[in-house]
1. Just for the range 91-106: of the residues that are in contact with a helix residue (DSSP H, G or I) (Cβ under 8 Å, 6 or more places away or on another chain) and surrounded by 15 or more Cβ atoms within 10 Å (Cβ to Cβ), which one is farthest from Leu125 (Cα to Cα)?
2. Does Leu124 satisfy the criteria of being assigned by TED's automatic domain parsing to the domain that holds Gly59, among the hydrophobic types (A, V, I, L, M, F, W, C) and closer than 19 Å to Phe52 by Cβ?
3. Going by what's in this entry, would Leu171 be described as modelled with pLDDT under 75, outside the structural domain of Phe80 (by TED's automatic domain parsing) and part of a helix (DSSP H, G or I)?
4. Here's a check for you: in the range 108-136, which residue that is of a type in the set (Asp, Glu) and touching a residue at least 12 places away in the same chain (Cβ under 8 Å) is nearest to Ser66 (Cα to Cα)?
5. Considering every residue within the range 139-155, establish whether at least one is in the same structural domain as Ala188 (by TED's automatic domain parsing), in contact with a helix residue (DSSP H, G or I) (Cβ under 8 Å, 6 or more places away or on another chain) and part of a helix (DSSP H, G or I).
6. Find the residue count for the range 122-166, including only residues that are at pLDDT 85 or above and surrounded by 14 or more Cβ atoms within 10 Å (Cβ to Cβ).
7. Among what's in the range 164-179 and is β-branched (Val, Ile, Thr) and in contact (Cβ under 8 Å) with a residue 24 or more places away in the chain, pick the residue that is farthest from Leu149 (Cα to Cα).
8. Inspect all residues belonging to the range 180-190 and state whether any of them is surrounded by fewer than 16 Cβ atoms within 10 Å (Cβ to Cβ), in contact (Cβ under 8 Å) with a residue 12 or more places away in the chain, farther than 30 Å from Arg83 by Cα and in contact with a helix residue (DSSP H, G or I) (Cβ under 6 Å, 6 or more places away or on another chain).
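The values are calculated or read from the model by the stated rules, or taken from the named source; none is laboratory data. Computed from a prediction, not measured in an experiment: that's the story for all the values here. Glycine also receives a Cβ, built like all others from the backbone with ideal geometry; neighbour counts cover every protein chain displayed.
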Amino acid sequence: MTTAFRRWAGRTLHAGSMSLPAPLTVTSPDAWFRRRPPLTWATAGVLFAAIFALRMSGGTVEDAYSMLYVFPVALVAVAFGRRAGGAAGVLAVGLIVVWAVTQDVGLDPLGWASRVLPILLLGLLVGDATDRLRRIESARLRLESAALLHREAIEINDSLVQGMVAAKWSLEAGNVDTGLSTLNATIAQAHELVSGLIRQAGMGGRTEQLHREDD
């Protein structure tokens, strides 16, 4: 009976051993204008300058050059959100005002509204949509992380409980050596699992401290 029990305890502890799942890593699907903010700002600045120079170079009031500002405004809004998109829209409106003043262009209220409102609304609405998408993505990642931690907790609990139960039964049956061996293996496994969780959390220094304290 003793030999059979030892075999069962060994199989139980071995079956309970586990390695932690790989840490959750997320590959950013963001386009270049989100990964490289300086390049995005530089591109938007070049577009603003080019459109302003084109508008100042000539053409008539009826030409829709001013509507080209939607491109840099949309770029900034998609890359940086509502506040930046609104600021880009205000900048575009300011450049339109500069053109109208320096070129002595007279626009009626409808003319101003047709040029100003679409640009401002574009920056605000596209930027707001970008912010909402980012919040949704952040919430999704938090849920995935919580689900991963929950699964790890269940696996760790099952593994350690099996080892402790095997050790308890060995001790109750009078198999002190087997019980102590199983208990020591379970403690070592618990230390390894906890250290792995700490390393995944980016606290490698704390893991080393735990090792020193145990020694």
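1. Of everything passing the filter in the range 91-106, Trp99 is farthest from Leu125 (Cα to Cα).
2. So Leu124 does not fit the description; no.
3. In short, no.
4. So the residue we want is Asp128.
5. Within the range 139-155, one or more residues are in the same structural domain as Ala188 (by TED's automatic domain parsing), in contact with a helix residue (DSSP H, G or I) (Cβ under 8 Å, 6 or more places away or on another chain) and part of a helix (DSSP H, G or I).
6. Of the residues in that region, 11 qualify.
7. Checked the range 164-179; the qualifying residue farthest from Leu149 (Cα to Cα) is Thr178.
8. Yes; the residues of the range 180-190 include at least one that is surrounded by fewer than 16 Cβ atoms within 10 Å (Cβ to Cβ), in contact (Cβ under 8 Å) with a residue 12 or more places away in the chain, farther than 30 Å from Arg83 by Cα and in contact with a helix residue (DSSP H, G or I) (Cβ under 6 Å, 6 or more places away or on another chain).
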